[in-house]
Amino acid sequence: MGMYCKVVSFIIFLCLSSEILSQRPLRLWYNSPASDWESSVPLGNGHLGAMPDGGVLNENIVLNDITLWSGGIQDADKPDAYKTLPEIRQLLFEGKNIEAQQLMSRSFVCRGKGSGEGNGVREPYGSYQVLGNLHLHYDYGTDSTDLHMQKYYRELSLDSAVAKTQFVINRTIYSREYFTGFENDMFIMKLSASQLHKVGFTLQLDRPEDFDVRMEGDQLCMSRRLTNGTNGNGMQYMVRLIVKPDGGKLIKGTNSLQLKNANSALIYISAGTDYIYPDFKAVIVKILADGFNKPYTQLKSDHIKKYRQLFDRSTLSLTGETKDNVPTDERLAAFAKDGKDNYLPVLYFQYGRYLLISSTRPNLLPPNLQGLWANTIETPWNGDYHLNINIQMNHWPLDVTNLGTLNESFFTLVKGLVKPGEETAKIYYNANGWVAHVITNVWGYTSPGEDYSWGSYNTGSAWLCQMLWNHYEFTRDTAYLRTLYPILKGSSEFYLSMLAKEPTHGWLVTVPSSSPENAFVMSDGNSANVCTGPTIDNQIIRFLFASTIASSRQLKTDDSLQIVLEKTITKLPPNQIGKDGRLMEWMQEYKESDIHHRHVSHLWGLYPGNEIALSTPELAKAAKASLNMRGDDGTGWSLAWKINFWARLHEGNRAFELLKKLLRPVKGGTVVNMSNGGGTYNNLFCAHPPFQIDGNFGGTAGIAEMLVQSQDGYIELIPALPDNWQSGSFSDLCVRGGAEISAAWENMKVTKMNIKAINNGVFKIKIPSNILYADVEGPGKLKTIVQSAEQYISLQLRNGDIAEIKFK
Ligand code: FUC
């Protein structure tokens with residue numbers, strides 16, 4: 001590294017450290033125990049999850065393992081389904097959608113019960129489920145009805161990924177600390193008191209079903225096998241717990257442990273399943289033994305160090321009011337009223353990053369519909385992976401917020417769909433390549449769902465490809481591209497062979513398909529879901545083909561495929577604008593059955609795609625018209641998606657209004673609302689409702705999108721800043737092409753930025769319109785002034801190079 005780079009790095013390091021400090025503390029805090037599960041705070045290390053409720057007399061800690069699923073591998077493809085495909089297509093081409101749907105309900109859905117209408121826990125599809133509950137009944141050496149508890153404090157620190165509970169009873173301060181170790185794969189809890197002999201409790205482990213608990217030596221052990229929905233021979237799991245007291249007396253029961261009069265105590269839990277490791281039991285025993293022998297201070301500092309290697313990669317600061325001195329639940333309520341607490345969006349942004357870091361890790365699984373936190377056996381929608389917005393939204397903040405290394409488990413899940421998806425492609429479409437429809441699980445499910453109305457949507461797999469390609473765009477890592485290419489190619493091959501020529505315009509279309517979960521009214525007044533060539537499909541397939549072409553060029557392979565894909569792109573239906581000025585959701589100008597429907601699929605090309613932009617003003621106008629008609633309400637993830645749409649349209653204030661909606665307080669409980677109940681629970685989990693984590697991730701991505709964009713071949717700073725965010729700064733958000741960007745702005749004007757290349761390339765930076773000139777200093781002798789008439793600054797950088805730009 002040259003002298004110049006060293007100096008700049010040092011200066012950046014100093015600036016960065018002060019920014020990190022200025023956004024501390026990042027915490028959720030409360031002055032009472034959690035009254036419901038959605039008020040308890042989530043801990044997770046990508047494998048194990050724990051949610052302590054901080055109860056004073058009785059505490060419940062919900063435990064999770066990201067791999068714990070009922071169900072199993074199954075063949076859910078309906079044999080010979082493809083034989084009815086020509087008739088289904090003919091009916092749809094003739095406008096007989098209802099007849100086509102009737103036929104599909106018999107022939108073009110999955111074999112068996114599919115997801116079991118979202119209640120598939122006892123079906124082969126299975127469900128993600130709670131690992132267990134750790135119940136603690138505390139002993140304060142006094143009458144429990146008369147505790148005189150005072151000064152209650154409960155927090156989750158995002159700075160350390162450690163939760164705390166503290167209160168005073170009879171002048172003794174009781175403290176609990178909890179974390180799920182990023183270094184040692186265990187749940188660890190420390191109980192202490194300000195006076196000797198004051199720590200006492202009885203603890204038990206259980207779960208709603210399928211468990212045996214026993215003492216094995218000093219360890220409490222819970223295990224069983226779950227059902228696989230066919231012969232009962234499902235996944236095995238095991239939980240092991242050990243207590244390490246300081247003083248006092250530990251009494252072993254048959255299935256419980258009691259500790260009396262200790263000075264302090266540590267509880268360690270290690271757990272796992274046989275999903276990946278057949279010898280998981282030995283692994284659990286070893287992890288527990290290793291952790292048991294390490295000092296608590298080391299366990300904790302190793303944990304924090306490893307966590308912060310990821311968490312500290314990006315920071316955000318907004319100047320202005322902060323209500324950090326108000327409990328988080330009250331803060332939410334205040335923000336819904338005045339939107340003035342600038343620190344809350346910062347906290348929410350970083351919470352999304354925290355949740356992503358906590359709910360996935362390489363070589364395991366990506367976050368599911370609830371990340372890794374579930375408190376029931378039958379998690380809503382089986383806690384699965386939905387491919388028509390949800391799993392994708394879970395990964396929207398991944399690259400831009402500098403957590404790209406967490407792409408691995410997502411990639412692996414998708415890769416695992418290729419083989420079963422090839423079977424599904426053959427059986428339903430007699431097609432080459434691979435396909436997955438709307439839902440998948442940890443068992444590689446690729447068949448359509450059990451209901452044609454939503455289950456026959458078949459570009460979910462292409463959307464997965466877009467996400468994985470996006471990761472390449474941010475990293476430009478050719479080794480990664482080599483592993484990705486066969487997946488892209490297989491997906492492109494599928495659509496190449498399944499697209500059919502529709503009779504009106506001669507366009508090549510997906511058929512049958514649907515615009516995710518939305519219905520339309522036909523001219524005879526009937527409502528239908530199944531259609532030909534919905535707008536989202538055309539946009540996604542265009543993207544897929546273009547990225548397959550770009551990949552094969554980059555890898556210098558498959559020239560002939562490039563030519564076929566290029567030709568086919570021109571035959572896909574274009575985006576169409578309806579008579580009312582809106583972007584059409586379907587090929588025909590149908591009216592939607594629900595004008596406020598939560599999915600806004602036809603704007604896929606605006607976000608996450610990029611074929612609708614301010615540079616295509618007609619389409620952007622039509623997209624706005626569509627958004628205005630859809631309205632600013634919805635489920636949690638729908639609100640989050642709309643933040644991203646408005647950010648792409650550079651309407652910061654509108655994006656902020658949606659962020660405010662996303663943050664509106666929602667009471668805990670699981671009542672499903674499919675239209676307009678979205679918001680945020682006390683613990684900042686997103687409410688669909690019920691709890692669904694995609695909205696958290698979509699919200700974080702939306703905030704990033706307001707601060708930096710790079711989808712159009714150049715880097716644009718603060719493109720969608722709301723008036724409330726007059727001044728602020730961020731560090732190390734990532735952009736396509738492979739660079740980390742830090743920037744500061746004052747009075748809505750960018751004052752400076754740093755770009756650090758993580759890849760060799762030319763980086764084009766848009767000069768904001770309210771800027772006169774830019775002072776650029778970079779590697780080598782680069783020192784130049786660029787006038788605003790130039791519009792862009794182009795910098796040729798090598799991996800590791802840093803350039804600094806001051807704007808005037
Ligand atoms: C899609 C959405 C629903 C819900 C479910 C898990 O089907 O339409 O709103 O998020 O996924």
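Any read-out appearing in this document is the output of simple, stated calculations on the displayed coordinates, not a laboratory observation. All values reported here derive from a predicted model rather than from experimental measurement. Because the Cβ atoms are built from the backbone with ideal geometry, glycine has one as well, and the counts that use them run over all protein chains shown.
Comparison of A334, A265, A289 shows that the only residue that is small (G, A, S) and touching a strand residue (DSSP E or B) at 6+ places or on another chain (Cβ under 8 Å) is A265. Across region 354-373, the number of residues qualifying as within 16 Å of the ligand (Cβ to nearest atom) and either on the phi > 0 side of the Ramachandran plot or in contact with an Asp or Glu (Cβ under 6 Å, 6 or more places away or on another chain) (or both) comes to 1. The one condition from (1) under 30 Å from T751 (Cα atoms); (2) more than 16 Å from the ligand (Cβ to nearest atom); (3) among the charged types (D, E, K, R); (4) outside any loop (DSSP other than H, G, I, E, B) that E618 does not meet is (1).
Just to be sure I understand, how many residues within region 390-423 are away from the ligand (no atom under 16 Å from the Cβ) and either among the acidic types (D, E) or within 10 Å of the chain's Cα centre (by Cα) (or both)?
From region 390-423, those away from the ligand (no atom under 16 Å from the Cβ) are 397-423; that's our starting set.
When the remaining residues are screened for being either among the acidic types (D, E) or within 10 Å of the chain's Cα centre (by Cα) (or both), the result is 397-399, 408, 422-423.
Looking only at that region, the number is 6.
Screening the candidates W641, W646 for the property of being among the aromatic types (F, W, Y) and more than 16 Å from the ligand (Cβ to nearest atom) yields one hit, W646. Of the residues making up region 509-529, just one is crowded, with 24+ Cβ neighbours inside 10 Å, assigned to a strand (DSSP E or B) and among the β-branched types (V, I, T), namely V509. Screening S731, S727 for residues that are touching a residue at least 60 places away in the same chain (Cβ under 8 Å) and touching a Phe, Trp or Tyr at 6+ places or on another chain (Cβ under 8 Å) leaves exactly one candidate, S727. Restricting to region 374-388, name every residue that is surrounded by fewer than 24 Cβ atoms within 10 Å (Cβ to Cβ) and within 10 Å of the ligand (Cβ to nearest atom). Result: P380, N388.
Number of residues in region 621-638 that are away from the ligand (no atom under 16 Å from the Cβ) and acidic (D, E): the value is 1. Just name the residue that is surrounded by the most Cβ atoms within 10 Å (Cβ to Cβ) out of those in region 447-489 that are over 26 Å from D732 (Cβ atoms) and among the hydroxyl-bearing types (S, T, Y). Filtering region 447-489 for residues that are over 26 Å from D732 (Cβ atoms) and among the hydroxyl-bearing types (S, T, Y), the one surrounded by the most Cβ atoms within 10 Å (Cβ to Cβ) comes out as T459.
Is it the case that E589 is assigned to a loop (DSSP other than H, G, I, E, B), within 24 Å of the chain's Cα centre (by Cα), surrounded by fewer than 21 Cβ atoms within 10 Å (Cβ to Cβ) and not aliphatic (A, V, I, L, M)?
no
The set of residues in region 357-412 being aliphatic (A, V, I, L, M), under 25 Å from Q309 (Cβ atoms) and in contact with a Pro (Cβ under 6 Å, 6 or more places away or on another chain) is empty. Selection within region 285-314: residues that are out of contact with any Asp or Glu (no Cβ under 9 Å at 6 or more places or on another chain) and aliphatic (A, V, I, L, M). The member of this set that is farthest from E183 (Cα to Cα) is V285. What do you reckon, is V600 within 15 Å of the ligand (Cβ to nearest atom) and without any contact (Cβ under 8 Å) to a residue 40 or more places away in the chain? Taking the combined requirement at face value, the residue does not satisfy it.
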